[in-house]
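The values are calculated or read from the model by the stated rules, or taken from the named source; none is laboratory data. Just so you know, these numbers come straight off a predicted model, no measurement behind them. Cβ atoms come from the backbone with ideal geometry, glycine included; neighbour counts cover every protein chain shown. Surface areas here come from the heavy atoms of the whole protein model, side chains and all, with no ligands, DNA or RNA. Shrake-Rupley method; radii C 1.70, N 1.55, O 1.52, S 1.80 Å.
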Amino acid sequence: MNRPGISPTGRDVSAPRPAMVRAGRTVNVAFVFLAAVFAVGYLLGSVPVRTGLMLLSGILAAVAIAAGMRWHRVTDQRPWVLVIIALLLLTVGNAGWFMAALLRDGGTPPDVLVVPPQLGGYVFMLAASLMIVIRHAPRDAGGTIDAAVWGVALAAPAWEFLFRPNLLRGGMGIAGQFLVLTQLLVLLGICGALLRVARASSASRTCLNYLFASLGLTILGTAIVNMGPATGEAGSLPALCFAIGYLSLGAAGMHPSVKHLSEPVTRLGGPIPKMRLGMLGSALVLIPVCGGLGQLLGQPADGLLLTVAPLLSIPLVLVRISRLKHALLYQATHDELTGLVNRRRLFTEMHKAIAAHAGGAPGDLALIYCDLNGFKPINDEYGHEAGDAILRATATRISDAVRPGDVVARIGGDEFLIFGAEADDATVRAIGDRVARSIAAPVTWNGQTLQVTAAVGTVTWTERRLVAPDDLLARADERMYADKRSRSAQRGQHLRAERLDERHQVLPHVVQVDAVEAESGIAS
């Protein structure tokens, strides 16, 4: 079993190839060039030129992301499609500013042309970022959502004590305040989620850096434009921040590292992070405290903050609770080390299949019991990490050897079960043979070649009546240990004593036991 990112030949498949390095450098150079051109245009151009460049930057970013998805062959492009939709919506708002600059000589466009598309754009951007980061950290998705909630929560004091006072002094209407608040909440929420991902991301570092640059520039532009008058000549700096922020987003989608960010390697092992209710509760409390602080001081409460912030944070919390529920259900029904179902889930599936079979479902039922030979000596000599590598490799090999729809379970130690419906004698023999041969293949671990074999016992259930899963398991277990005794006798080795008479027994007529004679050790 190879380490994550290491090929069977020992080559680090996660290392960047020369072509990817050249492509990355090309993207970096193109970004710097375009950023310089846009900076000169903003410094020397008129208001229509600046708004036109901001409009162009959003279009270029959307085109660059679409091209990057195609060139780098990103398999699941859904998050980036959402980013493109967000950019197009933001471009509609920018088009409103451009038309106002042309027709009104630097005036402002109607709110209806700016607020709805920009609001929709930022919501799509938040959804895309969460989709990316949750996929990037599948075992820490809850922590990522927590970070996003904290980002939204930290936007509350920034809004209440920095942005809102300036907007009120400037006489901004409720629609404008609503847009600025939504921008701030979404941008800081995305920033929190990405910071969580960046801790363990190396292959996608450049793409993340571009995303952080885009977020930082957009937040900076939002702050500048709302901390004082930023119209006409004074509006060049925030508009330039927005434009280069768009270009940074396009560069993130064009850079080769976008594939690593969009299609991360899933690593097994390690506990699923727990939900920190105290931290999450503190984040949720921060919003109403900031929103209601003015009322405590004899001023009106900030109804806008108390309304908009929960609209973003509560859905995130609901997703967090939903993922926690699924995580707990997964832990209750799966083996953490191998990812296979456990005994409880297996018996649930067996009960359903047995009831369907008794009701006339086609085919017969099959249960295959696999127990590893030679596992304990490897565990004793090389340690539990080597044993875990053997168990993971065995789980993968069994899963690859069975049919689609068959249930593979680890019921403890080095014991595995395979249960399938719509089976027949030939099918059961073929599955058992494939499983035994697959398990016997060597496993490479830390430069060592480890090898185990498997004793396999099979049971085929043909009668159209109910039977307890324990009964089928007991007979398959008995057949498997008969195979172990046969192997031990052939090698002249001692096999630990087994009190089969103390196991759950099933009457001979309950099952039809397969007769399998093969070198792979399928029980006969």
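Kindly indicate which of V289, V265 is at pLDDT below 75, among the β-branched types (V, I, T) and open to solvent by 50 Å² or more (accessible area, probe 1.4 Å).
On the way: V289 fails: at pLDDT below 75.
That would be V265, the only listed residue that is at pLDDT below 75, among the β-branched types (V, I, T) and open to solvent by 50 Å² or more (accessible area, probe 1.4 Å).
Go through (1) under 24 Å from F416 (Cβ atoms); (2) surrounded by 17 or more Cβ atoms within 10 Å (Cβ to Cβ) for D380 and report which single condition fails.
Only one criterion is unmet by D380, namely (2).
Looking for something under 15 Å from L346 (Cα atoms) and touching a His at 6+ places or on another chain (Cβ under 9 Å) - is there at least one such residue anywhere in the stretch 388-403?
No, the conditions are met nowhere in the stretch 388-403.
Within the stretch 161-179, does at least one residue satisfy the condition of being open to solvent by 10 Å² or more (accessible area, probe 1.4 Å), out of contact with any Lys or Arg (no Cβ under 9 Å at 6 or more places or on another chain), modelled with pLDDT of 80 or more and under 24 Å from V83 (Cβ atoms)?
Yes, the conditions are met somewhere in the stretch 161-179.
R464 passes all but one of (1) closer than 29 Å to G383 by Cβ; (2) modelled with pLDDT of 60 or more; which number fails?
Only one criterion is unmet by R464, namely (1).
Working carefully through the options A283, A309, find the one that is in a helix (DSSP H, G or I), modelled with pLDDT of 85 or more and open to solvent by less than 50 Å² (accessible area, probe 1.4 Å). Explain how you work it out, then say what you get.
Working: A283 fails: modelled with pLDDT of 85 or more.
So the residue among A283, A309 that is in a helix (DSSP H, G or I), modelled with pLDDT of 85 or more and open to solvent by less than 50 Å² (accessible area, probe 1.4 Å) is A309.
Condition test on A366, is it more than 30 Å from I174 (Cβ to Cβ) and crowded, with 18+ Cβ neighbours inside 10 Å? Spell out how you get there, then give the answer.
Working: more than 30 Å from I174 (Cβ to Cβ): yes; crowded, with 18+ Cβ neighbours inside 10 Å: yes.
Here the answer is yes, as A366 does meet what is asked.
Would you please list the contacts, defined by Cβ atoms under 9 Å and residues six or more apart or on different chains, that run from a residue in the stretch 278-304 that is within 17 Å of F163 (Cβ to Cβ) and touching a residue at least 60 places away in the same chain (Cβ under 8 Å) to a residue that is of a type in the set (K, R) and open to solvent by 30 Å² or more (accessible area, probe 1.4 Å)?
D302/R164; L304/R164
Please indicate, with yes or no, whether at least one residue in the stretch 41-56 is modelled with pLDDT under 90, on the phi > 0 side of the Ramachandran plot and either surrounded by fewer than 20 Cβ atoms within 10 Å (Cβ to Cβ) or in a helix (DSSP H, G or I) (or both).
No, every residue in the stretch 41-56 fails to be modelled with pLDDT under 90, on the phi > 0 side of the Ramachandran plot and either surrounded by fewer than 20 Cβ atoms within 10 Å (Cβ to Cβ) or in a helix (DSSP H, G or I) (or both).
Just need a number here: residues in the stretch 387-421 that are open to solvent by 40 Å² or more (accessible area, probe 1.4 Å) and small (G, A, S).
Here the count works out to 4.
For (1) open to solvent by 30 Å² or more (accessible area, probe 1.4 Å); (2) β-branched (V, I, T); (3) touching a helix residue (DSSP H, G or I) at 6+ places or on another chain (Cβ under 6 Å), each residue gets a yes or a no:
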position	(1), (2), (3)
A423	no, no, no
R429	yes, no, no
D433	yes, no, no
A455	no, no, yes
R465	yes, no, yes
A468	yes, no, no
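Could you look through the stretch 72-99, keep only residues that are out of contact with any Pro (no Cβ under 8 Å at 6 or more places or on another chain) and part of a loop (DSSP other than H, G, I, E, B), and pick out the one that is modelled with the lowest pLDDT?
For the stretch 72-99, the residue satisfying everything is D76.
Is it true that L329 is open to solvent by 30 Å² or more (accessible area, probe 1.4 Å) and part of a helix (DSSP H, G or I)?
Working: open to solvent by 30 Å² or more (accessible area, probe 1.4 Å): yes; part of a helix (DSSP H, G or I): yes.
The answer is yes for L329.
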